[in-house]
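The values are calculated or read from the model by the stated rules, or taken from the named source; none is laboratory data. For clarity, every value in this text was computed on a predicted model and none was experimentally measured. FYI the Cβ positions are ideal-geometry reconstructions off the backbone, even for glycines, and counts take in every protein chain you see.
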Amino acid sequence: MKVWVRLEKFSPDTKRPLILGMGNFDGIHLGHQEILKKVVERARQKNGISAALTFAEHPQRVLHHSQGPALLTSPQHRLLLLKELGIETVFLLSFTLPFSKISPEAFIEEFLAKRLRVNEVHLGYNARFGHNRSGDSVLMRRMSTQLGFEFFECSPIKLGNEFISSSLIREAIRKGDLEKAKNCLGRPFSLFASVVQGKGRGRTIGFPTANLQSHSEILPPHGVYPVEVRKSAFHLRPLVEGHEYEYQAERPGEWLKGILNYGVRPTFEKSDAVAIPEVFLFDFEGELYGKTVEVRFYPKIREEKAFETQEELVEAIKSDVVRAKKFLLSGKGS
């Protein structure tokens, strides 16, 4: 998969039409997947290139700073999910204040028609783009006719009475409703994280843990969770320095089962300690420090709590392990 970070360096393939899906694609939920699967299908029918245009930053975070939404998926995680859906080319753009001032008409004509020479554009239901989010499907349809490309608007997907959206998933995760998040995503909620150096306290009580530094910005509430973890190494290899990259992902490792505690470790730490996710993997021998992993979360086993003694903590963890194994081995965890 090729990843372009500057549109002006892209050269259209005159023999293969570009079929483009546009959106933030944060989370790559079922609604996003519907757009992207259609892009892949149409590209296959036309012997074209399946492509996605998205942003490294969430536009609202750039425009409104702290008022913008937390990211469900880091850019790297999104790239892996896009690759798994069959997307061949990604335009991963930086959303800047100058970029935000481009009118929707100019964006369609200058970027989509002239620079990318799109053959088709696919948008989600009620999508907005351009300065002040003033561009919509009505404008895209009208200008696509004028400029000679096809336009498709995908219908929304509902979960019960609610339209599936990144906002709905964020709310579900914040509330700890991981089953609802799973139903919206079409897979268990997961995140990318780096394994970082901890204090090594877990090893001293017989439960060595890996401390995680999440790449995304949203986590479920504090507590103990059954999880599945796999190594998911990746890198972007420059093809033309600073302009074009080829996304390469090592074959993901097998899913390993474990438990994860997210919180402030009240048995050992002061009340103002920073919350950290740390994972204990069952039947695992090896070194994860410095690796990138993907972590799947399942519904919480219990709340985090302070124990009077280290022995009480150890007994609680043993009970957590039994409950997590029962859940994960029951088939509910996949």
With the structure loaded, tell me whether Leu97 is outside the structural domain of Ser214 (by TED's automatic domain parsing) and either touching a helix residue (DSSP H, G or I) at 6+ places or on another chain (Cβ under 6 Å) or crowded, with 19+ Cβ neighbours inside 10 Å (or both) or whether it fails that test. no
Answer yes if at least one residue in the stretch 144-154 is touching a residue at least 60 places away in the same chain (Cβ under 8 Å) and farther than 30 Å from Leu97 by Cβ, and no otherwise. yes
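Any idea which residue in the stretch 277-334 is nearest to Lys257 (Cα to Cα), counting only those that are among the β-branched types (Val, Ile, Thr) and more than 27 Å from the chain's Cα centre (by Cα)?
Ranking the candidates gives Val321 first.
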When you check Leu147 against the structure, is it under 13 Å from Gly23 (Cα atoms) and modelled with pLDDT of 95 or more, yes or no? no
Do we find that Phe149 is farther than 29 Å from Asn47 by Cβ and aromatic (Phe, Trp, Tyr) in this structure? no
Condition first: at pLDDT 90 or above and among the charged types (D, E, K, R). Now tell me which residues in the stretch 106-133 satisfy that. Glu109, Glu110, Lys114, Arg115, Arg117, Glu120, Arg128
Assess whether Leu71 counts as being modelled with pLDDT of 90 or more and under 21 Å from Tyr125 (Cα atoms). no
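Going through Arg61, Arg78 one at a time, which residue ends up being modelled with pLDDT under 95 and in contact with a strand residue (DSSP E or B) (Cβ under 9 Å, 6 or more places away or on another chain)?
Arg78
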Report every pair of residues separated by at least 6 positions or lying on different chains whose Cβ atoms are under 9 Å apart, first residue within the stretch 100-111 and part of a helix (DSSP H, G or I), second charged (D, E, K, R). Pro104/Arg128; Pro104/Arg133; Pro104/Asp136
